[in-house]
1. Consider region A:94-137. How many of its residues are under 15 Å from the mean Cα position of the chain (by Cα), not small (Gly, Ala, Ser) and not in a loop (DSSP other than H, G, I, E, B)?
2. Given (1) crowded, with 19+ Cβ neighbours inside 10 Å; (2) hydrophobic (A, V, I, L, M, F, W, C); (3) modelled with pLDDT under 95, identify the lone condition not met by A:ALA160.
3. Suppose we filter region A:138-154 for residues that are within 8 Å of chain B (Cβ to nearest Cβ) and in a strand (DSSP E or B); how many remain?
4. Could you list all residues from region B:130-157 that are among the aliphatic types (A, V, I, L, M), more than 7 Å from every other protein chain (Cβ to nearest Cβ), touching a Ser or Thr at 6+ places or on another chain (Cβ under 7 Å) and farther than 19 Å from B:VAL82 by Cα?
5. Could you grab me the full set of residues in region B:80-106 that are under 19 Å from the mean Cα position of the chain (by Cα) and of a type in the set (Ser, Thr, Tyr)?
6. Can you tell me which of A:ASP109, A:ASP88 is free of Cβ contacts under 8 Å to residues at least 40 places away in the same chain and out of contact with any Phe, Trp or Tyr (no Cβ under 7 Å at 6 or more places or on another chain)?
7. Does A:VAL209 qualify as being loosely packed, with under 15 Cβ neighbours inside 10 Å, more than 10 Å from every other protein chain (Cβ to nearest Cβ) and β-branched (Val, Ile, Thr)?
8. Would you tally the residues in region B:158-208 being touching a residue at least 60 places away in the same chain (Cβ under 8 Å), more than 10 Å from chain A (Cβ to nearest Cβ) and hydrophobic (A, V, I, L, M, F, W, C)?
Amino acid sequence: MNIVACVKQVPDTEAFIKVKPDGSGIEEGNIKWVMNPYDEYGVEEALKLKEAKGGEVTVVSLGPARAMETIRTALAMGADKGVHITIDDADAYNTAAALAAAMKDINPDIVFCGQRAIDDDSGQVGSVLAELLGMPQVTIITGFEVDGDKVKAVKPIEGAQLVVESAMPCVVTAQKGLNEPRYASLPGIMKAKKKPVDVKDAAALGLSVEPKAKIVRMTPPPERAPGKIIEGDDPAAKASELVKLLREEAKVI
Amino acid sequence: MAKGVWIVAEHRNGALRNVSFEVASVARKLADELGEDVCAVLVGSGVEGFAPELGKYGVDKIYVADDAMFADYTTDAYSAAVAKVVKENDASILLLASSVQGKDLSSRLVGKLATGMASDCTEVKIADGKLLAIRPMYAGKCFGEIVMESYPQMASLRPKVFPIVESAKAGEVVKFDAGIAADALKTKVLETQKDASGKVDLTEADIIVSGGRGMKGADEYKVIEELADLLGAAVGASRAAVDAGWRPQSDQVGQTGKVVSPNLYIACGISGAIQHIAGMSSSKYIVAINKDSEAPIFAKADYGIVDDLFKIVPEVTAAAKKIL
């Protein structure tokens with residue numbers, strides 16, 4: 001089976017994000033970069049599928065030179081080869097177009113993506129990629145199995161969960177709960193260094209860098225007005241005061 | 001030239017969902033500024049009857065595709081239907097809710113319509129005749145202002161952030177044929193498993209009572225559940241509590257959990273790590289109950305009590321009982 005996992009390198013969840021003074025982006029100086037956590041679930045599911053059904057896992061990533069570290073992490077987890085499309089930044093549509101172009105020669109039976117990247121938080125790439133590849137999609141899934149030539153996926157929705165069947169080839173996007181991603185073993189890390197990674201330049205692939213969704217400015221989050229600390233020694237009195245404030249001032253209960 | 005503010009209306013179990021009214025209300029406001037109409041697309045089976053209700057929230061015209069093949073939401077069927085009617089009418093702006101269905105449908109439409117979208121926006125406005133969308137990025141550690149350089153200009157709106165505003169318009173129903181061959185569809189819903197608890201989903205709750213590491217164990221959530229039951233609230237949890245196995249994944253609020261915007265969020269024994277704040281900072285009122293006066297959650301809270309949650313929460317329940 002031809003399995004593809006898309007990965008993105010993002011700032012660690014603990015990273016302190018500082019907007020550049022001119023609002024053009026974020027300061028990248030002190031950021032620790034990691035694989036997008038949702039992509040880890042995708043890579044893990046890809047590896048499990050390979051272990052069950054055989055085949056090959058190709059990991060594809062779009063990003064600047066440092067994104068190679070994330071590709072190597074996926075290779076160390078057990079992926080077989082990588083494709084690195086070098087580009088500084090791209091919006092969701094252009095990212096998906098680049099991934100689709102890179103997958104032309106791979107002919108995937110299934111593509112795993114994270115349900116969203118925790119940097120731009122857009123959650124669009126998997127679906128746009130599916131459209132551009134002409135494949136069906138099941139997004140934000142917490143359960144996955146291949147049954148013959150079909151995929152069966154569990155998808156939580158508000159107040160319920162669905163079991164959705166899709167023809168293959170297809171694109172699925174991984175949500176937390178799908179699996180427990182493995183750690184790269186030391187032999188895995190050694191082996192990863194020798195695995196092939198095909199580096200392609202986005203411009204050479206003939207891809208547009210003109211965004212369809214353009215960030216005109218970034219700003220720090222709005223400050224919340226300072227709150228009120230309810231002082232006192234008696235828990236019952238403090239609780240009563242809180243309930244009174246919620247009822248009379250905030251009017252939310 | 002592209003014209004009109006369009007929305008996709010979402011429905012479930014034979015009724016429009018509240019998020020549809022939120023999105024319609026926003027669309028009306030934008031359309032009034034532009035001097036244009038609001039059009040809605042409603043795709044489903046047996047939906048024509050409740051379509052006119054959208055008129056109450058400012059929708060001029062509702063394009064309805066009513067067919068048995070739309071009985072369950074599937075990406076391929078719904079996205080094909082919406083893309084067809086939006087393209088034919090050359091929509092200028094297209095808004096959806098950033099609900100579970102809206103996330104799936106809107107992002108597929110970005111591909112189908114080859115356009116740009118600002119996801120999960122918390123503010124949208126018209127600037128220089130174009131849509132300007134404002135949205136949290138990096139889990140709310142910063143915000144981005146986005147303009148679309150292609151049409152339709154798409155945005156998905158975070159549920160429960162935008163108020164529902166009534167504004168009576170014609171709500172004229174126009175039926176359209178989506179022109180989809182049923183055998184071209186590649187996905188289907190095999191099963192819908194309803195949440196047996198019957199509790200309101202976190203993303204739809206007006207009030208959430210949430211517990212974190214300070215809860216110390218699964219059984220201790222009883223104090224939270226009692227308060228939640230009394231207030232008609234949903235119970236949430238921090239990542240620490242979920243990773244400890246005290247609460248299910250579906251309860252997790254935060255960067256790798258759910259993003260919620262209730263009217264009231266009561267954080268009990270939650271320190272307020274940045275991953276957690278990401279999931280609840282758009283709540284209208286935030287209450288923090290935590291022993292540690294230095295906990296970062298207090299910087300986000302409208303009301304705070306520095307004390308042991310096991311002393312305070314039962315007293316809050318008792319005090320609320322007296323007035324509710």
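The values are calculated or read from the model by the stated rules, or taken from the named source; none is laboratory data. Remember, predicted model here, so these are calculated numbers, not experimental data. All Cβ positions, glycine included, derive from the backbone under ideal geometry; neighbour counts span all protein chains shown.
1. 8
2. The number of the failed condition is (1).
3. Within region A:138-154, residues that are within 8 Å of chain B (Cβ to nearest Cβ) and in a strand (DSSP E or B) number 4.
4. First, the residues of region B:130-157 that are among the aliphatic types (A, V, I, L, M): B:131-134, B:137, B:139, B:146-148, B:154-155, B:157.
Those still in the list that are more than 7 Å from every other protein chain (Cβ to nearest Cβ) too: B:131-134, B:154-155, B:157.
Those left that are additionally touching a Ser or Thr at 6+ places or on another chain (Cβ under 7 Å): B:134, B:154, B:157.
Scanning region B:130-157 gives a single hit, B:ILE134.
5. B:SER98, B:SER99, B:SER106
6. On the way: A:ASP109 fails: free of Cβ contacts under 8 Å to residues at least 40 places away in the same chain.
Going through A:ASP109, A:ASP88 in turn, the sole match is A:ASP88.
7. Numbers: loosely packed, with under 15 Cβ neighbours inside 10 Å: yes; more than 10 Å from every other protein chain (Cβ to nearest Cβ): yes; β-branched (Val, Ile, Thr): yes.
So A:VAL209 fits the description; yes.
8. Of the residues in that region, 14 qualify.
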